[in-house]
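**Q** One structure follows; several queries about it will come next.
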Amino acid sequence: MSQDQQALTAKHGLTKIPRHVAIIMDGNGRWAAKRGLPRLAGHRAGVENIQRVLEGCADYGVKVLTIYAFSTENWSRPQEEVQGLLRILEEVIDRRTQEFHEKGVQLRHIGQLEGLSESLKAKVRYAIDLTKNNDKGILNIAFNYGGRSEIVEAARRIIQAGIAPESLDENLFSRYLYTAGLPDPDLIIRTAGEMRLSNYLIWQAAYAEYYSTPTLWPDFDKQEFYKALQAYSQRVRRFGGLEGV
Ligand code: IPE
Ligand code: IPE
Ligand code: MG
């Protein structure tokens, strides 16, 4: 652990801090239903909440945050919800990119850009390009993302590159995933109580610690984030061996 990190863990009463946290932001619909609001109001509140957790990452020294914003399976929702959700995400990219840039956050995208509107694709590409040299933290947005299709896509590109079967190993395979160059998630948080991955980072999650909370995503504030980090701090990670870290 670096000295900076040691100071941060001590300051916050944590024993270790995940380098990479990945969140399944679930429960927007239930949050809206509880208030008698349309589902899209929940998605709006959910997207606004990203900011709070990103601040938490900066405070506690988490360098990489990956958030699940739209899965390949979410296309099966009613068209009105899908279109509304994509519109909200586009608006937010538009509105917040400059602010992220000023804070030194690097924006990345994992998932397929194909299938999205031209204007959304252009905004995503602009945000990635503008922030590519920033080094204060990485906000990685899983958007039109599916874990299985990511693996199939990687296999396809490996074949296309003419990689010899005997030279393929796990490290090389990882370099063909959308997350190439990023550490695997140490901690995966799911809000709204569900206990499943829903096709999220299924390769990368092999040794992640899981944390599930009944709190709905729009209510998941910095305090809730801290609780997840506290739980992580208490986990003993053995990676198949006997010595815990
Ligand atoms: C998560 O909230 C956001 C997305 C899947 C895009 P949901 O929309 O799944 O909310 P619930 O699960 O219906 O409460
Ligand atoms: C997972 O949530 C996808 C995102 C958070 C974007 P879902 O609400 O789509 O997951 P399921 O359908 O309950 O598994
Ligand atoms: Mg859901």
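The values are calculated or read from the model by the stated rules, or taken from the named source; none is laboratory data. Remember, it's a predicted structure, so these values are computed and weren't measured experimentally. All Cβ positions, glycine included, derive from the backbone under ideal geometry; neighbour counts span all protein chains shown.
**Q** Output the residue which, of all residues in segment 81-113 that are among the charged types (D, E, K, R) and touching a residue at least 24 places away in the same chain (Cβ under 8 Å), is nearest to ligand 1 (Cβ to nearest atom). Lay out the reasoning, then the answer.
**A** The initial filter retains those residues of segment 81-113 that are among the charged types (D, E, K, R), namely 81, 87, 90-91, 94-96, 99, 102-103, 108.
Imposing the further condition that a residue be touching a residue at least 24 places away in the same chain (Cβ under 8 Å) reduces the set to 81, 90, 94, 96, 103, 108.
Values: Glu81: 8, Glu90: 14, Asp94: 18, Arg96: 17, Lys103: 24, Arg108: 19 Å.
So, considering only residues that are among the charged types (D, E, K, R) and touching a residue at least 24 places away in the same chain (Cβ under 8 Å), the one nearest to ligand 1 (Cβ to nearest atom) is Glu81.
Residue-by-condition table, conditions (1) exposed (fewer than 15 other Cβ atoms within 10 Å of the Cβ); (2) in contact with a His (Cβ under 8 Å, 6 or more places away or on another chain); (3) of a type in the set (Asp, Glu); (4) part of a strand (DSSP E or B):
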{"position": "Gly56", "(1), (2), (3), (4)": "no, no, no, no"}
{"position": "Gly84", "(1), (2), (3), (4)": "no, yes, no, no"}
{"position": "Glu91", "(1), (2), (3), (4)": "yes, no, yes, no"}
{"position": "Leu116", "(1), (2), (3), (4)": "no, no, no, no"}
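**Q** Continuing with the same structure: Please enumerate the residues belonging to segment 193-216 that are crowded, with 21+ Cβ neighbours inside 10 Å and over 19 Å from Tyr145 (Cα atoms).
**A** Leu216
**Q** Mind listing just one residue for me: the one in segment 60-79 that is away from ligand 2 (no atom under 13 Å from the Cβ) and surrounded by 15 or more Cβ atoms within 10 Å (Cβ to Cβ) and, of those, nearest to Gly181 (Cα to Cα)?
**A** Val64
**Q** Another one. Picking from Ser149, Ser119, Ser198, Ser174, which residue would you name as being within 16 Å of ligand 3 (Cβ to nearest atom), at pLDDT 95 or above and out of contact with any Asp or Glu (no Cβ under 6 Å at 6 or more places or on another chain)? Spell out how you get there, then give the answer.
**A** On the way: Ser149 fails: within 16 Å of ligand 3 (Cβ to nearest atom); Ser119 fails: within 16 Å of ligand 3 (Cβ to nearest atom); Ser174 fails: within 16 Å of ligand 3 (Cβ to nearest atom).
After ruling out the rest, the residue left standing is Ser198.
**Q** Can you tell me which residues in segment 1-36 are surrounded by fewer than 22 Cβ atoms within 10 Å (Cβ to Cβ), among the hydrophobic types (A, V, I, L, M, F, W, C) and more than 16 Å from ligand 3 (Cβ to nearest atom)?
**A** Within segment 1-36, Met1, Ala7, Leu8, Ala10, Leu14 meet the criteria.
**Q** List the strands (runs of 3 or more DSSP E) that sit entirely inside segment 128-245 and contain at least 3 residues that are not hydroxyl-bearing (Ser, Thr, Tyr). Step through it out loud before you land on a result.
**A** On the way: elements: 137-145, 187-190, 209-212.
Answer list for segment 128-245: 137-145, 187-190.
**Q** Contact list please: Cβ distance under 7 Å, first residue in segment 195-212 and among the β-branched types (Val, Ile, Thr), second residue more than 16 Å from ligand 1 (Cβ to nearest atom), pairs at least six apart or on different chains.
**A** Final answer for the pair search is Ile202/Arg148.
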